[in-house]
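Values in this text are rule-based calculations from the coordinates and carry no lab data. Keep in mind that this is a model prediction, so the values were computed, not measured. Using ideal geometry, Cβ is built from the backbone for each residue, glycine included, and neighbour counts are taken over all protein chains shown.
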Amino acid sequence: MDRRILTAIVAGGIALAVLPWIGLPAFYESFLYLLFHWIILAVSWNILSGYTGYFSFGHGAFFGAGIYGAAYMAGTLGWPFLASLPVAALVAVALGLALGAVVFRVASVRGELFALLTLAITFVIATIILNTRIDGGPGIYMMGVDIPKLGPNQASSIYMMGLILAVISLLVAYMIYVSRFGAGLFAIHDDEDVAEVMGVPTYRFKLYALAVSCALAGLAGGVHSVFVSYITVSEVFSITVPLSVVLMSILGGSRHWFGPAVGAVAITCLLYFFTSGDGAVLGRAIFGGILVVVILFMPNGILGLFSLLKRMKRKPATEHVVPHAAPAPEKAAKIGAPILRVRGLSKSFKGLKALNDVTLEVREGEILGLIGPNGSGKSTFINVVSGHYRNDGGSIEFMGRELSGQEAHFFAQAGIARTYQIPRPFVNKTVLENIAMAGMFGAAALSREAAMHEAHEFADFAGLGDRKDALPDDLNLHQRKFLELARALAARPKLLMLDEVLSGLTPSEINGAIDMVRRIRAQGTTIIFVEHVMRAVMALTDRIVVLNHGVLIAEGLPAEVMSAPEVKTAYLGKAHA
Amino acid sequence: MLNIKRLAAAAAVALGCAGLFSAQAVAQGSGPIRIGGTLALTGPLSATALVHKLTGEIYIEDLNSRGGLLGRKVEWIVKDDQSKPEVARTLYEQLVTSDKVDLLMGPYATGAILSSIGVAQRYNKMIISHTMGIPALAKYDMHFPGWSVGPKPEDTVPVTVFEGLAQLPKPPKTIAIVTSKFPSVHFLSVGAREVAKKRGLQEVLFLEWEFGNRDFGPIAARVKDAKPDLVWVGDIGLEGNMLLEAMKKIDYVPPLNIHLYPAPGPMANSPESQGAMALTIFEEHKPFTDNPVAAKFVKTFNERAKAAGLPYTAVETQAAASFSAWQILEAAVRATNSLDDRKMADWLKANQVDTIQGKLRFDRGNNYGDDLMRVKQVQDKNWVTVWPKEWAAPGATIKTR
């Protein structure tokens with residue numbers, strides 16, 4: 001965390017807090033309040049939608065819940081205004097958590113479905129408020145509500161409340177952005193399933209992000225209730241709020257903590273610039289045109305463009321990378337007691353048994369080869385033992401702890417890591433950030449700073465030392481495979497499952513990879529090695545397990561297993577002649 | 001250390017933003033009298049704002065052609081509040097504290113009016129609103145309404161309507177009240193329930209819909225089943241048209257139907273709307289146009305509205321309320337011979353102002369005076385005032401089907 005940024009936010013807030021006392025026309029307070037208002041809303045939206053990628057159109061509902069929470073308590077029930085603000089936040093948080101608790105459990109409700117669902121919630125809440133005593137139709141009048149004196153007059157008190165909230169919102173957005181929590185949220189944005197398997201408690205993180213987002217939106221609504229002074233359902237729950245915050249965040253750059261604030265300032269200033277009565281419609285058309293042009297040419301927003309330019313300035317990296325480390329011993333590690341016991345493991349997909357009553361053990365320090373023809377269930381086995389899929393039957397005992405039925409991040413935190421056959425890096429994170437993710441959320445459970453520090457070592461180990469700041473899209477297949485490996489290693493796993501890491505590599509690259517796997521094992525890591533390159537299987541593995549049609553058909557030393565008739569049949573087919 | 005370049009850029013942006021607004025500030029003094037206000041020139045309420053803008057421009061031109069006020073020309077600074085109350089508030093702050101206008105003219109939609117009243121109250125400025133339809137909310141003692149609905153329209157407006165209908169050879173005995181939950185409409189419909197009960201009208205149906213509803217089929221069916229003699233429709237904009245079209249689809253024609261604030265053009269021109277009644281304060285016929293000021297305004301407005309491409313070019317409630325607001329402001333300045341807000345407000349509370357909708361006074365609750373709401377009816381695709389008799393178009397009476 002950069003203390004200079006925190007200091008700058010607080011110092012900016014203190015500087016602006018002086019404004020009501022220096023005699024500027026009060027209009028500036030009013031206008032700046034509007035800036036603060038939109039900054040809070042845009043930044044709070046971004047904490048959920050920009051960071052996690054869960055694009056919400058429901059921010060109007062959370063904002064509206066805050067407005068009505070405060071308006072009902074202070075305007076209708078006569079509570080002190082300050083006491084109504086926590087209610088505004090709590091109502092919004094309760095609404096968000098109730099929604100998230102259900103929606104975030106359903107894997108299919110992502111993308112546009114989530115956006116539509118949150119939009120629908122806005123209308124549901126509006127209907128409830130309109131048809132109950134909360135509003136009932138006539139609206140809530142707030143003109144007589146006393147607000148705490150934070151400035152020379154009422155307007156400056158509202159200004160101060162907006163300022164304080166905006167500063168808090170920016171601090172919260174920044175602190176999340178640079179935290180381990182923030183790294184998890186951005187991983188969810190890029191690939192939620194991989195994030196979960198890597199150890200990110202995705203469900204919990206999404207709920208936390210939603211709660212923070214709702215709390216800030218609710219507070220913004222609470223303060224805004226006294227600014228507008230007359231609250232009606234049609235104005236509060238109009239589509240303007242969610243559309244505006246989305247537009248602001250995208251314009252400013254939704255992958256940056258400060259982007260939404262930049263967008264909020266730009267759009268509010270632009271809109272205000274075109275308030276002259278002459279040519280108001282033309283002004284709005286020009287405003288729309290500017291937005292279209294900016295979004296077309298800066299799809300990642302204003303700050304996204306800056307980030308891109310910054311990256312382009314860095315020196316281009318070399319195409320070929322070679323892991324630079326000393327050759328590893330042939331077979332070094334001591335084989336110990338079983339650390340993974342799988343009993344009767346089953347997994348079906350719509351009636352097709354991908355794993356059928358598989359029982360096996362993996363011993364500490366060994367390299368277990370897991371082979372079989374295509375479709376034999378090898379990848380399913382890895383997916384189940386890494387928690388990516390839940391098993392239908394059987395048990396998975398890892399280091400004496402039963403894991404079946406648990407969410408995937410428990411598997412990672414227990415010490416299991418994996419690579420993907422087709423690399424699935426977090427596409428918007430750099431090589432270094434990808435690797436650090438595993439350090440933060442895997443068995444190592446490091447702080448963000450420590451994980452970033454260690455990531456350098458693993459990048460060097462995997463031969464990616466020159467590409468630390470590159471994005472995955474800038475890597476070739478070989479490099480992406482090694483990124484998978486570095487990422488899995490950074491978790492400091494007890495058990496590492498390598499899913500066809502050698503496929504697509506050249507012979508010399510395979511030699512380098514074999515050497516690297518040996519060195520990994522030499523450091524005490526147990527490995528399940530799924531591979532079709534038999535040269536590597538025979539060179540590396542201590543034992544081999546063979547799957548065919550989801551059934552374990554052979555198990556033993558490599559030479560014995562490979563000569564077993566049932567294995568030959570599985571690979572070559574039955575001789576009928 | 002913070003990056004100096006970044007700091008400089010931030011400062012430049014901040015100064016640029018500030019410059020946008022301060023450039024418009026003009027020192028107070030001699031020169032034209034500057035009247036500031038906002039209208040919803042863009043956004044969902046913009047269609048009606050054009051009527052108010054046109055009316056204001058016509059009025060200011062005419063005022064200046066008569067020599068202006070206090071020997072000075074008059075300039076109207078109108079800003080676009082974008083149909084947002086929070087923007088309206090900020091713009092009024094700007095008009096008062098930065099532009100330093102001499103006088104304030106209010107906007108027309110309830111939310112924006114209340115925002116502007118709040119600003120006027122903080123700076124002790126008098127403000128005149130165009131169409132503030134919920135008097136109970138307008139508590140500022142220097143706010144004056146251009147729309148004469150009286151301090152308790154929820155009581156007096158239904159009385160006017162029911163008294164008019166009571167003159168019919170066969171007065172209604174049963175009533176169905178269906179209403180939007182739009183605030184300025186809803187409270188009148190709720191008031192109508194109470195008044196109907198007191199007058200012995202049997203309520204056979206009460207239904208509400210949310211503002212923005214587009215499906216009026218079920219409401220039409222319920223009204224048909226209830227078989228009322230009179231349908232009170234608490235509608236705004238095109239809601240009434242949609243309800244009548246839904247009724248036509250099920251072969252139902254309400255015997256008597258009164259609408260609150262329908263869009264005047266579509267309602268007059270629709271075949272289903274013939275005989276529909278609504279509330280008004282002004283229509284383009286005698287005796288309203290016996291007033292030469294009104295006649296002149298009607299002529300000019302018709303021409304200018306046509307040239308501007310407005311869909312409905314006749315003067316009715318919105319334009320008349322807007323014109324009256326300007327008349328109130330002019331009267332206050334001329335009578336007090338000053339721009340002092342307090343003096344003008346005191347004078348208005350003690351005197352009547354002659355406007356094109358009639359004589360207005362401001363000496364009752366929240367500076368409202370008499371309820372001058374009248375009943376009009378679509379007859380041969382034209383709106384004609386039918387009640388009270390003294391304001392009815394020559395020979396016009398309420399027609400039943």
The simple spin-label model distance between B:Arg199 and A:Ile128, using points 7 Å out along Cα→Cβ, in nm, is 4.0 nm
Determine the sum of side-chain charges near B:Asp62: Lys and Arg each +1, Asp and Glu each -1, restricted to other residues whose C-beta is under 12 angstrom from that of B:Asp62.
+1
Dividing the alpha-carbon Rg of the range B:295-401 by 2.2 N^0.38 Å yields what?
1.29
Send over the per residue convex hull volume for the range A:326-479, Cα only, as a whole number of Å³.
153 Å³
Identify all aspartates and glutamates with a Cα-Cα distance to A:Lys494 below 15 Å; exclude those on the same chain that are fewer than 8 residues away in sequence.
A:Glu361, A:Glu364, A:Glu366, A:Glu397
Exposure proxy ranking, count of Cβ atoms within 10 Å, fewest first, for A:Trp45, B:Trp147
B:Trp147, A:Trp45
Among A:Ile121, A:Ser386, B:Ala307, pick out the residue whose Cα is farthest towards the positive end of the charge dipole of the protein assembly as shown, where Lys and Arg carry +1 and Asp and Glu carry -1 on C-beta, about the Cα centre.
A:Ser386
For the range A:512-570, place one equal point scatterer on every Cα, skip the solvent, and apply the Debye formula. What is log10 of I(q)/I(0) at q = 0.17, 0.22, 0.31 Å⁻¹?
-0.59, -0.90, -1.38
Cβ-derived FRET efficiency at R0 30 Å, A:Ala101 paired with A:Val551, nearest 0.05:
0.15
Place a +1 charge on the Cβ of each Lys and Arg in the range A:3-238 and a -1 charge on the Cβ of each Asp and Glu, then give the dipole magnitude about the Cα centre in debye, rounded to the nearest 20.
420 debye
Loop-located trypsin sites (Lys or Arg not before Pro) in the range B:168-203, at most 12 other Cβ atoms within 10 Å (DSSP)
B:Lys173
Dividing the Cα convex hull volume of the range A:19-149 by residue count, how many Å³ per residue is that?
127 Å³
Calculate, in nm to one decimal, what B:Leu238 and B:Arg364 gain on full extension: separation in residues at 0.36 nm each, minus their alpha carbon distance.
42.1 nm
Residue by residue through the range B:336-342, what is 3J(HN,Hα) from phi via Karplus (6.51 cos²θ - 1.76 cosθ + 1.60, θ = phi - 60°)? Round to whole Hz and write x for glycine and proline.
8, 6, 7, 10, 6, 4, 5
Give me Rg/Rg_expected for the protein assembly as shown, where Rg uses Cα atoms only and Rg_expected = 2.2 N^0.38 Å with N residues.
1.20
For A:Met562, A:Met1, which order do you get if you count the other beta carbons within 10 Å of each Cβ and list the fewest first?
A:Met1, A:Met562
Give a quick list of chymotrypsin sites (Phe, Trp or Tyr not before Pro) in the range B:47-122 that DSSP marks as loop, anything other than H, G, I, E or B, with at most 10 other Cβ atoms within 10 Å.
none
Distance in nm between label sites at B:Leu207 and A:Thr240, each 7 Å beyond Cα in the beta-carbon direction?
3.1 nm
Is there a quick way to get the dipole size of the protein assembly as shown? I mean about its Cα centre, with the Cβ of Lys and Arg at +1 and of Asp and Glu at -1; what is the value in debye to the nearest 20?
240 debye
Simple SL model, points at 7 angstrom along Cα→Cβ for A:Asp146 and B:Gln352; separation in nm is 4.3 nm
From largest to smallest, what semi-axes in whole angstrom does chain B give when each is the square root of 5 times an eigenvalue of its alpha carbon gyration tensor?
40, 25, 19
What is the set of long-range amide H partners of B:Leu69 at a cut-off below 5 Å, with H atoms built 1.01 Å from backbone N?
B:Val74
For an R0 of 51 angstrom, estimate the FRET efficiency from the Cβ-Cβ distance between B:Lys227 and A:Thr76 and round to the nearest 0.05.
0.85
Please give the residues of the range B:112-129, grouped as numeric ranges, whose backbone N is less than 17 Å from a label point set 7 Å along the Cα-to-Cβ vector of B:Ser338.
B:124-127
Enclosed volume per residue, in Å³, of the convex hull spanned by Cα atoms of chain A:
183 Å³
Restricting attention to the range A:114-217, which trypsin sites (Lys or Arg not before Pro) occupy a DSSP loop and are surrounded by at most 14 other Cβ atoms within 10 Å?
A:Arg133, A:Lys149
Would you list A:Met538, B:Met132 from fewest to most Cβ contacts within 10 Å?
A:Met538, B:Met132
log₁₀ of I(q)/I(0) at q = 0.13, 0.15, 0.20 Å⁻¹ - the range B:263-325, Debye sum with one point per alpha carbon
-0.37, -0.49, -0.84
Per Stokes-Einstein, at 25 °C and 0.890 mPa s, what whole-number D in µm² s⁻¹ belongs to the range A:3-238, with the Kirkwood radius over Cα pairs as the hydrodynamic radius?
134 µm²/s
Relative intensity, log₁₀ I(q)/I(0), of the range B:54-194 from a Debye sum that treats every alpha carbon as a point, q = 0.10, 0.11, 0.21 Å⁻¹
-0.47, -0.55, -1.26
Tell me, what is the FRET efficiency for B:Ala295 and B:Asp215 to the nearest 0.05, using R0 = 45 angstrom and their Cβ-Cβ distance as r?
0.55
Given the range B:341-393, report the % of alpha carbon pairs whose separation exceeds 15 Å.
59 percent
